[in-house]
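Values in this text are rule-based calculations from the coordinates and carry no lab data. Worth saying up front: this structure is predicted, and the values here are computed from it rather than measured. Cβ placement follows ideal geometry from the backbone for every residue including glycine, while neighbour counts extend to all protein chains displayed.
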Amino acid sequence: MGEAIRIETPLTQEKLRGLKAGDNVLLNGIIYTGRDAAHKKMVEALEQGQDLPFEMNDQIIYFVGPTPAKEGQVIGSAGPTTSGRMDAYSPKLIPKGLTGMIGKGLRSTEVIEAMKNHGAVYFGAIGGAGALIAKRIVSAEVIAYPELGPEAVRRLVVKDFPVMVIIDHEGNNLYESGKALYRRHKE
């Protein structure tokens, strides 16, 4: 797998074009959170001609609903949510400049097509490691939809936040290439 690639946000087209499916990445800087309820509100805002809670261009959304922070913590456990829940919304946000998504699990054909057409990548975070991942979050601030509680949109500052490129901007998909590699080794 090789050495991890360090990336400072924002995730520009230039930076994401250097990423390939299977690359280990350490993210540094600002990323945003949003799960299905927040995505639904963002897409409704777009449809009504309203502003989004943050400038989408060159940004990364982490599909997470963190648990409440304990005493002395910036954030509670912050493991990834199943990305399929965002598949109805991601193809509407990617054309607005969204360049990165972090979650777990498969993405739909529509999402992958939008990623190829507009230049975006899908990162996987390790499910079940929410408490460990939370240690890479330096600060967390609710910036929109506070009524959604854990699903409110947050601006996170992350340091060496570990992710892997699952689907790159060309549509190369680690879930597919990994299975093919496994089958070849088995034969």
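Tabulated data for the structure shown
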read-out: Odd one out for K20 among (1) part of a loop (DSSP other than H, G, I, E, B); (2) crowded, with 16+ Cβ neighbours inside 10 Å; value: (2)
read-out: Scope the stretch 59-77; condition of a type outside the set (S, T, N, Q), more than 12 Å from the chain's Cα centre (by Cα) and more than 12 Å from R35 (Cα to Cα); matching residues; value: P68, A69, K70, E71, G72, V74, I75, G76
read-out: Unique match (being touching a residue at least 24 places away in the same chain (Cβ under 8 Å) and under 27 Å from A144 (Cα atoms)) among Q59, Q50; value: Q59
read-out: Residue within the stretch 23-43 that is within 18 Å of D168 (Cβ to Cβ), part of a loop (DSSP other than H, G, I, E, B) and in contact (Cβ under 8 Å) with a residue 60 or more places away in the chain present; value: yes
read-out: Filter pass, V163 being surrounded by fewer than 17 Cβ atoms within 10 Å (Cβ to Cβ) and either over 19 Å from D36 (Cα atoms) or among the aliphatic types (A, V, I, L, M) (or both); value: no
read-out: Failed item in (1) part of a helix (DSSP H, G or I); (2) aliphatic (A, V, I, L, M); (3) surrounded by 18 or more Cβ atoms within 10 Å (Cβ to Cβ), with I75 passing the rest; value: (1)
read-out: Filter result (touching a residue at least 60 places away in the same chain (Cβ under 8 Å), crowded, with 18+ Cβ neighbours inside 10 Å and under 16 Å from Q73 (Cβ atoms)) within the stretch 124-154; value: G130, A134, I137, A140, R154
